[in-house]
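See below for the structure under consideration.
The values are calculated or read from the model by the stated rules, or taken from the named source; none is laboratory data. Because the structure is a prediction, the values reported are computed rather than measured. Cβ coordinates were reconstructed from backbone atoms using ideal geometry, including for glycine residues, and neighbour counts include every protein chain displayed.
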Amino acid sequence: MSSSSCSSWCSSSSSASSPISASPAPFPSTSKFKPILTIAPHATTTTIPKMSLKPRDFHNPAPQPPSSSSSSILTALSALLFGPSLPPGLLVSSVRSAWTAAWRVMMSQLAPSDPSGRYARPASRFRLAGPVAPRPGGLHLYVGLPCPWAHRALVVRALKGLEEAVPVSVASPGADGSWEFRDPPGPGPERGDLVPGRDKANKRRNLREVYGLRRGGYSGRCTVPMLWDVDRSDVACNESYDIIKVFNSGLNGLARNPEVDLSPPELEEEIEEWNRVIYPGVNNGVYRCGFAQSQEAYDAAVDELFGTLDRLEDRLSRSRYLCGSGLTLADVCLFTTLVRFDLVYNVLFKCTKKKLVEYPNLHGYMRDIYQVPKVAATCDFDAIMDGYYRFLFPLNPGNIKPAMPAAFAHNALFEPHDRERLSSQSRGTLVNT
Ligand SMILES: N[C@@H](CCC(=O)N[C@@H](CS)C(=O)NCC(=O)O)C(=O)O
């Protein structure tokens, strides 16, 4: 698959739609069997018309009410093929084969995998090779609020006080799943500049057009976060870890809080070590569960995820943050996954062994970081829930967004966490924690 056709969030354009529909239409009442699944009229043959679905086919419009004409066509066709009632076994097995085949095609576009069905995240294309030459407004940040990788950049930008120096444009998942820019919504909760809206730097309609402005063009994955070099009119970087490192220490001349250091030299190695644990086990680990395309791949991913969470739970029973008493980049990286855990990963990505709230230390740690001034304002739980449940169509074809867990209400997250008691302890090393 070409890089341009793959999308780990979801993707864009094309009007072809899946032959399988999650239409709520009840099966015609002439059937004496209670329906389990329904088939859209054009899918009553069990052949799959076009298996070359493109990623942009994941568009997941809100389910439409059944039309009486489609019901009667379905009734007539079913009567023609099977007599007055469609055998439910046949119905289920045909729909299951068709759906499984279509699901495999869609998943291969959404989430590239190796031959055993394990999710293989494509590497970021634009890495920061050296220092950036900062001037206020010389860099522009593109983000999407559901995205945990973009969220890292927003947290560090806020903690360093880089809001004026590095303006942000907030993209939304489009109807087709790619990132697009829309008119800002009406007044809502005060979130400063972290509201989905227009492209403030390049005035483009979507992120693909922005990437395409770079010299030589671009046809690969258009991911957030993306740091745009305004003067060179080019992508400076689209790897979140590089972006948070440069925000932490490369723009101090522009930062309102240059004294905040989330990667002090004496902790750099330990931060890197934790990242080597957190990235595969948790940050990418939840995606490896959700995007697994075989039972074996899922089983291995879910075991590794919860094994890593158990290890982190133990570490955080003795240490306020991962590297001791002070917040570091490693904590930021862990936080943006933890804060999405019970909202989306536990349910949608089948990270089901435990909920985050069942880990007392991880739960307290997540609330501790949420309560750091300016962090809560970077978290938009409605945008997160919408982004995942409404736009990852192959994982949630019914398009139903579950209720927000009570533990993620703003007030609940501001409950005391009592983690200050751990502050003076443990600046130990990672090895054998
Ligand atoms: N390794 C990248 C991953 C970024 C990423 O996968 N972003 C997703 C959103 S969570 C995205 O924009 N996907 C769009 C696409 O793949 O087309 C990073 O850490 O910055």
Exercise for the section: Would you be able to say whether some residue in the stretch 242-265 is surrounded by 20 or more Cβ atoms within 10 Å (Cβ to Cβ), within 13 Å of the ligand (Cβ to nearest atom) and among the small types (Gly, Ala, Ser)? Expected result: no
Fill in the blank from the handout: Among residues of the stretch 170-206 being of a type in the set (D, E, K, R) and within 14 Å of the ligand (Cβ to nearest atom), the residue modelled with the highest pLDDT is 180
Practice task
Report, ordered by the first and then the second residue, all pairs with beta carbons closer than 6 Å, sequence separation of six or more or different chains, a first member in the stretch 280-309 that is of a type in the set (Lys, Arg), and a second member that is surrounded by fewer than 20 Cβ atoms within 10 Å (Cβ to Cβ) and at pLDDT below 95.
Solution key: none
Problem - Of residues in the stretch 105-162 being of a type in the set (Ser, Thr, Tyr) and more than 10 Å from the ligand (Cβ to nearest atom), the one surrounded by the fewest Cβ atoms within 10 Å (Cβ to Cβ) - result: 116
Completion exercise
Counting only residues that are assigned to a helix (DSSP H, G or I), in contact (Cβ under 8 Å) with a residue 60 or more places away in the chain and over 13 Å from residue 317 (Cα atoms), the stretch 396-424 contains a total of 2
Problem - Options 157, 121, 127, 135: the member that is over 19 Å from the mean Cα position of the chain (by Cα) and closer than 21 Å to residue 220 by Cα - result: 127
Practice task
State whether one or more residues within the stretch 262-285 are assigned to a loop (DSSP other than H, G, I, E, B), closer than 18 Å to residue 333 by Cα and not aliphatic (A, V, I, L, M).
Solution key: yes
Handout entry: Conditions (1) modelled with pLDDT of 85 or more; (2) more than 16 Å from the ligand (Cβ to nearest atom); (3) touching a Lys or Arg at 6+ places or on another chain (Cβ under 8 Å); number of the one not met by residue 85
Key = (1)
Practice task
Kindly indicate whether any position in the stretch 213-228 is in contact (Cβ under 8 Å) with a residue 24 or more places away in the chain, farther than 19 Å from residue 122 by Cβ and of a type in the set (S, T, N, Q).
Solution key: no
Exercise for the section: For the stretch 218-230, state whether one or more residues are farther than 24 Å from residue 379 by Cβ, of a type in the set (Val, Ile, Thr), more than 16 Å from the ligand (Cβ to nearest atom) and surrounded by 15 or more Cβ atoms within 10 Å (Cβ to Cβ). Expected result: yes
